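Right, one structure below, let's go through it.
The values are calculated or read from the model by the stated rules, or taken from the named source; none is laboratory data. Note that the structure is predicted; figures quoted are calculated from it, not measured. We place every Cβ from the backbone using ideal geometry, glycine too, and count neighbours over all the protein chains shown.
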Amino acid sequence: MLTAAQLLSGYARGVFPMAQSAADPQLYWFDPPMRGVLPVGGVHASRSLLRELRRGGWSARLDDDFDATVAACANRDETWINAPLKRLYRELHEAGHAHALDVRQNGEFAGGIFGVTLGGAFFGESMVSARRNGSKMALLWISSHLARCGFTLFDTQFLTPHLARMGGIEITRTQYHRRLKAALARRADCTAHDLPDDRQLWQEITQIS
C-alpha cells in the first residue's frame, strides 16, 4: 500500500500516481514525455472572464473544506481519483502538503482546485466547475496565490485545451525535471498569505496584462 511519504517521494522524482477508475483500488505511476505547466502568477484571463470577475460576487477560500473539494473533483462519470488516493490526499493535507481552494459566487460553491505542495512546487491534481467559469476563477486565484507565497512551478500533469486557453504549455520531461529541481530547492508556504478578494484579484491581473 502506497504511503504519503512514498507519494511525496514520487512527486520529487517527477512522477505521479493515478487509478484507472474510482472502482480500481490499484495505483499506477506516470511519467509522461511531455508535461503540462501553468504560469505562476500569470494565468491568462479572457476579457469576458475579467468582466465577470469585475462584476463582483466572487470569493475564494483556502482549505475551507478540503475533503469536500476533493470529493467534488472526483464526482464525475469517469475519474482517476480512487479511495486510496483520497486517503493519501487527506494524510498529505493533515501534514501540510496538500491544499484545496474553492471559489464561490454569491456565497454558493462554484468550483475549486486541489493539489500537493513540495518546496516551491504545486502539483495540481484536479479541478471542478459547479457553475459557469468556476474552474477558471479557481485557476486565477490559485495562480495569484502561489506567486504571492513563493512558488515557482505549477504542474498540471497533462495539458488540456481548457488549460491551454488559460496560458498552459507543454514542456519536455527534461525541461520539467530542471524546473522541478529548482522549485524543490525553494521554501514556499501556501498558508503564508491571505487570499485577495475579487476586486484585488481583478486589479492584480489587469496590472499584469
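Restricting region 1-25 to residues that are aliphatic (A, V, I, L, M) and modelled with pLDDT of 95 or more, which is nearest to Leu92 (Cα to Cα)? Spell out how you get there, then give the answer.
So in region 1-25, the residues aliphatic (A, V, I, L, M) come out as 1-2, 4-5, 7-8, 12, 15, 18-19, 22-23.
The next check asks that each one be modelled with pLDDT of 95 or more; those that pass are 4-5, 7-8, 12, 15.
Numbers: Ala4: 6, Ala5: 9, Leu7: 9, Leu8: 9, Ala12: 14, Val15: 16 Å.
Checking each candidate, the answer is Ala4.
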Of the conditions (1) over 15 Å from Gly124 (Cβ atoms); (2) touching a strand residue (DSSP E or B) at 6+ places or on another chain (Cβ under 9 Å), the single one that Ile142 does not satisfy is (1)
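Could you check region 1-18 and list, in sequence order, the residues that are small (Gly, Ala, Ser) and in a loop (DSSP other than H, G, I, E, B)?
Gly14 - this is the single residue of region 1-18 that is small (Gly, Ala, Ser) and in a loop (DSSP other than H, G, I, E, B).
Answer yes or no as to whether Gly167 is out of contact with any helix residue (DSSP H, G or I) (no Cβ under 6 Å at 6 or more places or on another chain), under 29 Å from Ala185 (Cα atoms) and surrounded by fewer than 20 Cβ atoms within 10 Å (Cβ to Cβ). Quick ask: steps written out before the conclusion?
On the way: out of contact with any helix residue (DSSP H, G or I) (no Cβ under 6 Å at 6 or more places or on another chain): yes; under 29 Å from Ala185 (Cα atoms): yes; surrounded by fewer than 20 Cβ atoms within 10 Å (Cβ to Cβ): yes.
Yes, satisfied.
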Check your understanding: Do the conditions hold for Ala192, that is, is it small (Gly, Ala, Ser) and touching a Phe, Trp or Tyr at 6+ places or on another chain (Cβ under 7 Å)?
Key -> no
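Taking Arg199 as the residue in question, decide whether it is under 16 Å from Ala45 (Cα atoms), modelled with pLDDT of 95 or more and more than 16 Å from the chain's Cα centre (by Cα).
Numbers: under 16 Å from Ala45 (Cα atoms): yes; modelled with pLDDT of 95 or more: yes; more than 16 Å from the chain's Cα centre (by Cα): yes.
Criteria met by Arg199.
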hydroxyl-bearing (Ser, Thr, Tyr), surrounded by fewer than 16 Cβ atoms within 10 Å (Cβ to Cβ) and outside any helix (DSSP H, G or I), is that true of Ser21? yes
With the first residue restricted to region 115-135 and required to be more than 18 Å from Thr160 (Cβ to Cβ), and the second required to be buried (at least 22 other Cβ atoms within 10 Å of the Cβ) and among the acidic types (Asp, Glu), Cβ contacts under 8 Å at 6 or more apart or on different chains are Val116/Glu125; Ala121/Asp155
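Please enumerate the residues belonging to region 77-94 that are among the aliphatic types (A, V, I, L, M) and out of contact with any strand residue (DSSP E or B) (no Cβ under 6 Å at 6 or more places or on another chain).
Quick first cut of region 77-94, residues among the aliphatic types (A, V, I, L, M) only: 81, 83, 85, 88, 92.
Across region 77-94, the qualifying residues are Ile81, Ala83, Leu85, Leu88.
Considering only region 26-90, give the strands (runs of 3 or more DSSP E) lying wholly within it that have at least 3 residues that are at pLDDT 95 or above. Write out each step before concluding.
Numbers: elements: 28-30, 34-38, 58-62.
The strands (runs of 3 or more DSSP E) meeting that bar are 34-38, 58-62.
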Per the filter on region 99-141, residues among the basic types (Lys, Arg) and under 14 Å from Arg61 (Cβ atoms) are Arg104
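With respect to Ala182, is the statement that it is within 17 Å of Thr69 (Cα to Cα) and either at pLDDT 95 or above or surrounded by fewer than 17 Cβ atoms within 10 Å (Cβ to Cβ) (or both) true?
Values: within 17 Å of Thr69 (Cα to Cα): no; either at pLDDT 95 or above or surrounded by fewer than 17 Cβ atoms within 10 Å (Cβ to Cβ) (or both): yes.
Considered against the rule, which asks whether it is within 17 Å of Thr69 (Cα to Cα) and either at pLDDT 95 or above or surrounded by fewer than 17 Cβ atoms within 10 Å (Cβ to Cβ) (or both), Ala182 comes out as no.
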